[in-house]
Amino acid sequence: MTADRDDELDNDFDYDDEDDDEGPDSDVTIEITGLSLYTHHGVTAAEREVGQRLILDLRIEVGDADAMVTDDVEHTVDYGVVCQLVALVAQQRSYKTLERLCAAIADRLLEDFDIEQVYVKATKPEPPIPLPVESVSVEVWRQRGE
C-alpha cells in the first residue's frame, strides 16, 4: 500500500476522541438473545412448584463505552456477568407475572451496571393455556433515572 493510500484511509477512519456533532453516533448496545433458564414463575401454584423454561432476551444501552478505544472488558459491560446476574434474579425467587420478573431484572441491571437503558423480554415457550400457542412473552424497558 502506498503512503498516499495510507493517508486516505486515515482520513476515512478518523479515530480522534474529540466530539464531532456531524460524526456517527458511537453509543454501544449489547444484545443477549435466547438465555434459557429453568424458573418457577407463574400465576398458578403448579407453575411455581413444578417450574418451566423461560427464554430471556436483553438489550442494554451502554452509551459511549471506553472499550471501543481501549479494547478492555473492564471499560464496558461484561455480558457474561450480566447473564449470571440475570440468572440469579430469575431463579432466586418466584414471581406470579412475567411483568414483575422483567422489571426486577431491569432494575437490578440498572443498579449494578453503568448503563443508560435496558430492555428485558421474557418468553414462555410452552405457556400453560388450553389453546395452541407457540409462546407468550412480556417486554419491559427501563431508563436510568426512572
Pairs, first within 13 Å of Leu101 (Cα to Cα) and aromatic (Phe, Trp, Tyr) in region 121-145, second modelled with pLDDT of 95 or more and open to solvent by 60 Å² or more (accessible area, probe 1.4 Å), C-beta under 7 Å, six or more apart: none
Show the residue pairs that are 6+ apart or on different chains and have beta-carbon atoms under 6 Å apart, the first residue being within region 39-52 and more than 17 Å from Ala87 (Cα to Cα), the second being at pLDDT 90 or above. Val43/Lys96
Just for region 131-142: of the residues that are part of a strand (DSSP E or B), open to solvent by less than 70 Å² (accessible area, probe 1.4 Å) and not β-branched (Val, Ile, Thr), which one is farthest from Asp64 (Cα to Cα)? Ser137
Kindly indicate the residue of region 102-130 that is at pLDDT below 95 and among the β-branched types (Val, Ile, Thr) and also surrounded by the most Cβ atoms within 10 Å (Cβ to Cβ) among those meeting that condition. Ile115
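The values are calculated or read from the model by the stated rules, or taken from the named source; none is laboratory data. Not measured: the values here are computed from a predicted model. Cβ: placed from backbone, ideal geometry, glycine included. Neighbour counts: every protein chain shown. Protein only, heavy atoms only, side chains kept; ligands, DNA and RNA dropped before computing areas. Shrake-Rupley method; radii C 1.70, N 1.55, O 1.52, S 1.80 Å.
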